[in-house]
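Each remark here refers to the structure printed beneath this line.
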Amino acid sequence: MTVLMQILLAAGSVLALLGVMMVIRHLAKAAGLNAEVQRKLMHVSTGLFALLLPWIFPDRWPVYMLITATMLVMFVLRLPRFSKGLGATLHGVERTSYGDFLLALSVGLCFLLAGDNLLFYILPIAVLTLADAAAALAGTAYGTRRFIVEDGEKSVEGSVVFFVVTMLIAIVCFLFMAALPPANTLMLCVMVAAFGTLVEAQSWRGFDNLFLPLGLLIFLSVHFDSSLIELATLALVFLASLGGFSILGARLSLTKHATRVYVITVFLLLAVTALQNAVLPILVLATHLWARVSTPCDSKYPDLDVVASLGLFSFGWLALGNATGWNAVSFYGLSAMGLAMGFSVLALRGKILAILAVATALFLIRQFAVALNPEPARWAEPLTILALLSLICMTVVPWIRPQWFEKDRVLRLTVLALALPLIYFAYSVAGSIGAGFFAGVAS
């Protein structure tokens with residue numbers, strides 16, 4: 001297929017998306033469909049099309065172009081001029097949701113991270129498309145036993161439907177796309193269904209559209225070849241963590257929802273990355289709780305905001321490293337170190353000796369993690385100066401201007417923590433590519 005044909009096909013796909021929205025909007029007016037049904041019909045239509053992307057486009061770049069164009073369309077449809085018309089198909093529900101953006105983003109990230117392994121792309125997107133929609137509609141129509149999620153609620157019946165549909169999807173995908181021993185296949189299917197159900201049940205503001213498929217993809221990529229004993233041990237660790245955090249969460253005044261979200265987050269960190277690289281992200285959660293108690297902020301749901309932030313920049317660094325071919329785990333650690341430092345400064349409220357002690361501890365933890373990582377992950381090291389600059393920045397700004405972080409604390413600290421690592425990562429990658437280019441020319 002020619003380049004022009006693929007560009008035209010991508011553009012036609014965006015127009016088809018708008019056409020489907022118009023059809024759903026027309027059906028909604030004619031049949032009296034509520035906002036939730038409209039949104040899920042659009043969700044299923046988009047997801048089913050996304051499942052076909054590996055076969056529609058022979059190259060990968062048109063898919064990324066299509067995703068970018070789709071996200072721009074989603075942004076335009078949120079503008080006041082369109083939000084009450086065609087845009088209501090996507091976000092006519094009363095609750096705050098970023099699901100439209102996150103669905104498009106997750107499709108692009110899954111397509112990138114799955115590479116040539118169709119199972120790692122198809123299974124997560126199929127679960128997101130079919131199980132999520134089935135759970136939402138079943139919960140809306142038949143849900144009677146409900147539990148609180150942020151400022152909304154979900155149903156036990158919806159979660160049961162999600163588990164069953166996910167289990168069926170996983171079994172079909174493994175039967176046709178994998179060749180594993182039956183016991184391993186069954187264990188993986190159960191874990192995918194259970195983990196996916198917990199992620200979907202505890203998600204908020206549409207974040208399940210991002211956390212669910214990417215969480216499943218990363219889990220599969222790490223544990224696809226694990227032994228039956230390793231999988232069973234992992235399942236037992238998760239159950240133990242759930243019980244332990246339930247006790248700890250009550251002591252820290254966490255809501256039951258926030259407690260379950262923290263369990264899932266810590267479990268995912270420990271399940272998909274080396275222990276040394278999970279320490280600093282876990283410390284982000286701990287220092288946030290410390291700051292929340294010591295110096296409360298004006299955010300409505302800070303305990304959930306920090307998980308969203310951690311998830312977004314974790315997936316972001318993973319995708320950036322994968323897309324460029326330059327491992328970004330050192331920069332991921334720098335970002336987590338900086339964010340933990342920012343929370344600690346706000347918690348300590350100007351106690352200089354304690355702040356210096358925390359900064360030293362975080363610096364040493366990062367250095368220890370770097371030393372344990374394999375050589376390819378240390379290509380940009382030593383990053384000692386950058387680490388020190390990041391610690392200084394994340395100490396001075398919250399110390400001098402704590403009022404800047406009284407509202408939207410997590411968002412502002414995250415942006416500040418990402419600034420220097422992102423700039424230096426771009427500089428390092430550009431320099432390495434440039435050096436390789438000129439070396440090739442010279443030879």
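Using Rg and Dmax of the Cα atoms in Å as the read-out, say which of [x] 23.7, 85; [y] 22.6, 72; [z] 24.4, 70 was calculated from these coordinates. Entry [y]. For the chain, a simple Cβ point-charge model (Lys and Arg +1, Asp and Glu -1, everything else neutral) yields a dipole of about 1060 debye relative to the Cα centre.
Largest accessible area first, the listed residues Asp298, Asp132, Asp408, Asp225 line up as Asp225, Asp298, Asp408, Asp132 when surface is computed with a 1.4 Å probe on the assembled protein chains. Pairwise Cα distances in the stretch 299-434 exceed 17 Å for 58 percent of all pairs. Taking all protein chains together and a 1.4 Å probe, the residues Cys110, Cys297 rank Cys297, Cys110 from largest to smallest accessible area. Here the contact order of the chain, divided by its residue count and restricted to Cα pairs under 8 Å and six or more residues apart, works out to 12 percent.
Annotation for Arg349 and Gln367: the two label points, set 7 Å from Cα along the Cα-Cβ direction, are 3.2 nm apart. Considering only Ala359, Gly321, Ala347, whose Cα is most displaced toward the positive end of the charge dipole of the chain, charges sitting on Cβ of Lys, Arg (+1) and Asp, Glu (-1)? Of the candidates, Ala347 comes out farthest on the positive side. For the stretch 1-73, the normalised intensity computed at q = 0.14, 0.17, 0.20 Å⁻¹ comes to -0.49, -0.67, -0.84 (log10 of I(q)/I(0), Debye sum over alpha carbons, equal scatterers, no solvent). A dipole drawn for the chain from +1 and -1 charges on Cβ atoms has a positive end, and of Ala30, Trp399, Gly158 the residue lying farthest that way is Trp399. Can you find, among Met5, Leu72, Gly115, the residue farthest towards the positive end of the dipole of the chain? Put +1 on the C-beta of Lys and Arg, -1 on that of Asp and Glu. In the chain, that residue is Leu72. Against the criterion of solvent-accessible heavy-atom surface with a 1.4 angstrom probe, Tyr301, Tyr142, Tyr424 sort, most first, into Tyr142, Tyr424, Tyr301. Most tightly packed first, judged by the mean number of other beta-carbon atoms within 10 Å of their residues, the peptides 2-10, 171-179, 120-128 read 120-128, 171-179, 2-10. From helices alone, the chain scores -26500 deg cm²/dmol at 222 nm; the rule is -39500 (n - 2.57) for each run of n ≥ 4 DSSP H residues, then divide by the residue total.
The values are calculated or read from the model by the stated rules, or taken from the named source; none is laboratory data. These figures come from a predicted structure and were not determined experimentally. So basically every Cβ, Gly included, is an ideal-geometry build from the backbone, and we count neighbours across all protein chains shown. We work out accessible area using only protein heavy atoms, side chains counted, and drop any ligands, DNA or RNA first. Shrake-Rupley method; radii C 1.70, N 1.55, O 1.52, S 1.80 Å.
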